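First the structure, which I've put down as structure tokens, then a few questions once you've had a look.
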Amino acid sequence: MKEALILVENGYEELELWVPYYRLLEEGIGVTCVGPQTGASYAGKRGLEVRAELSFADVDLGGVLAVIIPGGWAPDRLRTHPQAVTLVKQAYERGIAVAAICHAGSLLVSAEIVRGKRLTSTRSIRDDLRAAGAVWVDEPVVVDANLITSRTPTDLPAFLPAILAAIR
């Protein structure tokens, strides 16, 4: 089965998780939410909960087409989990689409996959990305090889087609 992973932690931006989740399902792509602990629930910024079906340690990247990282405050929490950082780095190195929106670029920095890459993010982490060697641009969506980045929920109409194009 074709599958995408969405990384979850407390403080995720609900639109940046649930809009891709349902759009991928519409395309017939399975979606698995992955968090620090299998079966645990994680609350979004507005309180909407999501349950992790797998932990980072339990993921097998075989058959995975994309790893999606929603923004919000969750990426700062995700980057404190070494297994989440390793998962993102391994997915990127295997050529799997890695899609990050808003603050999710901070996890890309921790995974050390931004040097020399053209990307975008919310403005508040622009300097962090540049300091890590990224070429930051202010555009709705940026695709550089298998790295797909976007700025904010208002860019979802550009972000989702880029993800779908990368996994087709």
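Checking V50 against (1) within 17 Å of N146 (Cα to Cα); (2) surrounded by 18 or more Cβ atoms within 10 Å (Cβ to Cβ); (3) among the β-branched types (V, I, T), which single condition isn't satisfied?
Among (1) within 17 Å of N146 (Cα to Cα); (2) surrounded by 18 or more Cβ atoms within 10 Å (Cβ to Cβ); (3) among the β-branched types (V, I, T), V50 violates only (1).
Would you mind stating whether A66 is in a helix (DSSP H, G or I), hydrophobic (A, V, I, L, M, F, W, C), closer than 25 Å to D144 by Cβ and touching a residue at least 60 places away in the same chain (Cβ under 8 Å)? Spell out the reasoning first.
Values: in a helix (DSSP H, G or I): no; hydrophobic (A, V, I, L, M, F, W, C): yes; closer than 25 Å to D144 by Cβ: yes; touching a residue at least 60 places away in the same chain (Cβ under 8 Å): yes.
No, not satisfied.
Taking the stated definitions as given, is K45 surrounded by 15 or more Cβ atoms within 10 Å (Cβ to Cβ), over 14 Å from the mean Cα position of the chain (by Cα) and modelled with pLDDT of 95 or more? It would help to see each step written out before you state the result.
Numbers: surrounded by 15 or more Cβ atoms within 10 Å (Cβ to Cβ): yes; over 14 Å from the mean Cα position of the chain (by Cα): yes; modelled with pLDDT of 95 or more: yes.
Here the answer is yes, as K45 does meet what is asked.
Condition check ((1) closer than 18 Å to E14 by Cα; (2) of a type in the set (K, R); (3) touching a Cys at 6+ places or on another chain (Cβ under 6 Å)) across all residues:
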| site | (1), (2), (3) |
| --- | --- |
| R94 | no, yes, no |
| G105 | yes, no, no |
| E112 | no, no, no |
| R126 | no, yes, no |
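Sticking with this one: Out of the stretch 39-63, which residues are outside any strand (DSSP E or B) and within 18 Å of N10 (Cβ to Cβ)? It would help to see each step written out before you state the result.
Quick first cut of the stretch 39-63, residues outside any strand (DSSP E or B) only: 39-40, 45-48, 52-53, 56-63.
If the condition is that a residue be outside any strand (DSSP E or B) and within 18 Å of N10 (Cβ to Cβ), then G39, A40, K45, R46, G47, L48, A52, E53, F56 are the ones that fit.
The values are calculated or read from the model by the stated rules, or taken from the named source; none is laboratory data. Bear in mind that the values here come from a model prediction, so they are computed numbers and not experimental data. With ideal geometry, Cβ positions are generated from the backbone for all residues, glycine too; neighbour counts draw on all protein chains shown.
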